[in-house]
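The values are calculated or read from the model by the stated rules, or taken from the named source; none is laboratory data. In this text, all values refer to a predicted model and were calculated from it rather than measured experimentally. Note: ideal-geometry Cβ built from the backbone for every residue, glycine included; neighbour counts use all protein chains shown.
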């Protein structure tokens, strides 16, 4: 069988099923009667432009079907989602130096942290979300204090536990 038939079969195999390794692809091609070596297959893969993804090999042009494409979401929509999550999920927020500690019910921290990452507060350096706790690091203690107060206000928390720098 010629090189074109072999390469067409490689594309067909990759498009019709999941192939995670060159060894797996080599075995499938040999079952179909192709006689080739691993270096030849490696060269075919490179020349065909196949991409290796966590989902397996992908033919050129098919990458968008396995790679999620993020759509643009306006800032207003992201901000509204964040505020909605804060109102329903935050039990405690307090500044400690330049870090704000936010407590949520179990399993609620990740969605809030993700929404914070999508709409980062001014002067925020980063967010770490666990199961029920979120840490937001700020450049300055003043920014942390202002953010903690804003979170308390949005979440409807008592100002009895005011944020401290």
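When 60, 105, 68 are checked against the criterion of being at pLDDT below 85 and in contact with a helix residue (DSSP H, G or I) (Cβ under 9 Å, 6 or more places away or on another chain), a single residue qualifies: 60. Among residues of the range 44-57 that are assigned by TED's automatic domain parsing to the domain that holds residue 29 and over 11 Å from residue 25 (Cα atoms), those with a Cβ under 8 angstrom from a residue that is modelled with pLDDT under 85 and assigned to a loop (DSSP other than H, G, I, E, B), sequence gap 6+ or separate chain, pair up as 48/59; 48/60; 49/59; 49/60; 50/59; 50/60; 51/60; 53/67.
Of the residues making up the range 103-135, those that are part of a helix (DSSP H, G or I) and in contact with a strand residue (DSSP E or B) (Cβ under 9 Å, 6 or more places away or on another chain) are 109, 110, 111, 112, 113, 114, 116, 117.
Give just the number: which of (1) in a helix (DSSP H, G or I); (2) touching a helix residue (DSSP H, G or I) at 6+ places or on another chain (Cβ under 9 Å) does residue 142 not satisfy? Among (1) in a helix (DSSP H, G or I); (2) touching a helix residue (DSSP H, G or I) at 6+ places or on another chain (Cβ under 9 Å), the lone unmet condition for residue 142 is (2). Of the residues making up the range 86-96, not a single one is out of contact with any helix residue (DSSP H, G or I) (no Cβ under 8 Å at 6 or more places or on another chain) and over 18 Å from residue 158 (Cα atoms). Checked against the criterion of being surrounded by fewer than 16 Cβ atoms within 10 Å (Cβ to Cβ), more than 29 Å from residue 139 (Cβ to Cβ), in contact (Cβ under 8 Å) with a residue 12 or more places away in the chain and outside the structural domain of residue 138 (by TED's automatic domain parsing), the range 107-116 contains not a single residue that satisfies it.
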